[in-house]
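The values are calculated or read from the model by the stated rules, or taken from the named source; none is laboratory data. In this text the structure is predicted, and so the values were computed from the model without any measurement. Cβ placement follows ideal geometry from the backbone for every residue including glycine, while neighbour counts extend to all protein chains displayed. SASA here: full protein model, heavy atoms, side chains in, ligands and nucleic acids out. Shrake-Rupley method; radii C 1.70, N 1.55, O 1.52, S 1.80 Å.
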Amino acid sequence: MLIAAIIWGLAFVAQDKAADTMPPFAINAVRSYIGFLFLIPVCAIISRNRGEALIPKTKEGRKNLALAGVLCGVMLTISANLQQFGISSYPGNAAASARSGFITAMYVVLVPVFSLFLKKKTGLNVWFAVALSVVGLYLLCLSGGLGQVYGGDLVVFGCAISFAVHIMCVDHFASSVDGVKLSCIQFFVCGTLSMVLMFIFEKLTLAGILAAIPYLLFIGIMSSGVAYTLQIIGQQYSKNPTVASIIMSLESVFAALGGLLFGEVLSLREIIGCVIMFAAIILSQLDFKRKLAQI
């Protein structure tokens, strides 16, 4: 899971670099198809090891997997493209990888808040985390006043909201479908929808694609394919979902570190904002009632 978090964090840098030569819909179309093609043999190997058919044998099983893949794929399309549009819109002097990484990670706080609409109880620690995250967002995005807010910040925050809904959608189907197969289908849906939007709204050049190939391969194979598979395997061995969530939320930290390696610079206030936001992410995942009960 830690390796997955490192890959996801560095993917923010790769997305930022790919945005220099390719438009957003094109990036997500290519990366999603790469992830889809990578996961097909992974699904086949896992199914063979389990003694299962690659495609569910029952009509109900096929229908449920298709429905889950389409719904989650639509939400992934919205989320991934909002994220890429946000990253692409940052000016050159903004630390795009760090800012987008930490703002995206706000989905960890938003998921339990949104769960209220499904009549699921939310602990007091989550409300403290929400308040703390507001402070962190202020220091990261508003340290210079309202005029310092980048359009990319607002778009990426919309991405965090969309990812929170996507995670709840995945959680709804998690107990009834295979996770890796679900991921494979949702990448296909995301790639197809993004490609349609690419042909309608964007112009793509061969030179732009060639220049972005290393970054596309990384976010397609490593981020979409390898990291997701590592997450599935890691959570099979982890007996504590809270610890798993905290480990995987480290992607925001590695996004900032990756940006620093490629020359991005954060001010002291922005660094403090990142630290506070990460503290909010961890706080939102801690179950104090459970800990007290164990004591």
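With a 1.4 Å probe and every protein chain left in place, work out the accessible area per residue of the chain in Å², rounded to a whole number. Can you show the working numbers first?
Details: 14600 Å² over 295 residues.
That works out to 50 Å² per residue.
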Item to check | Cα Rg, Dmax (largest Cα-Cα span) when computed across the range 81-128, Å | outcome: 14.6, 43
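What does the charge dipole of the range 1-131 about its Cα centre add up to, to the nearest 20 debye, if the Cβ of each Lys and Arg holds +1 and the Cβ of each Asp and Glu holds -1? Mind dumping the intermediate values first?
Details: 12 positive and 4 negative charges, 122 e Å.
Charge dipole of the range 1-131: 580 debye, to the nearest 20.
Relative contact order of the chain: what whole-number percent is it, with Cα pairs under 8 angstrom and at least 6 residues apart? Mind showing how you got there, number by number?
Details: 437 pairs, mean separation 130.1, N = 295.
Across the chain, relative contact order equals 44 percent.
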Checklist outcome for this item: Residue ranges of DSSP H helices in the chain that stretch 20 Å or more (Cα, own long axis) and have mean Kyte-Doolittle hydropathy of at least 1.0 are 2-18, 24-50, 124-141, 151-173, 179-201, 268-285
Next on the checklist: Of 139, 222, 87, which is farthest towards the positive pole of the chain's charge dipole, taken about the Cα centre with +1 and -1 on the beta-carbons of Lys, Arg and Asp, Glu respectively?
Outcome noted: 222
Checklist entry - Using +1 on the beta carbon of Lys and Arg, -1 on that of Asp and Glu, and nothing else charged, what's the dipole of the chain about the Cα centre, debye to 20? => result 960 debye
Checklist outcome for this item: The Cα radius of gyration of the chain, divided by 2.2 N^0.38 Å with N its residue count, comes to 1.00
Checklist outcome for this item: Ranked output for segments 24-34, 161-171, 221-231 by mean other Cβ atoms within 10 Å, highest leading, reads 24-34, 221-231, 161-171
Item to check | Mean Cβ neighbour count within 10 Å, used as a protection proxy, ranking 99-109, 274-284 highest first | outcome: 99-109, 274-284
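Quantify, in whole percent, the carbon and sulfur part of the accessible surface of the range 87-212 (1.4 Å probe; protein heavy atoms only).
Values: 4380 of 6000 Å².
Answer for the range 87-212: carbon and sulfur cover 73 percent of the accessible area.
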Checklist entry - Quick one: Cα centre-to-centre distance for the range 64-86 and the range 1-57, in angstrom? => result 13 Å
Item to check | Of 100, 174, 38, farthest towards positive along the dipole that unit charges on Lys, Arg, Asp, Glu beta carbons give the chain | outcome: 174
Item to check | the range 70-172: mean projected area of Cα convex hull, nm² | outcome: 6.8 nm²
Checklist outcome for this item: With a ≥ b ≥ c from the Cα gyration tensor eigenvalues, square-rooted, and the rule rounded for a/c under 1.5, otherwise prolate when a/b > b/c and oblate otherwise, the range 1-102 is prolate
Next on the checklist: Highest mean first, how do 190-200, 69-79 rank when packing is the count of other Cβ atoms within 10 Å averaged over residues?
Outcome noted: 69-79, 190-200
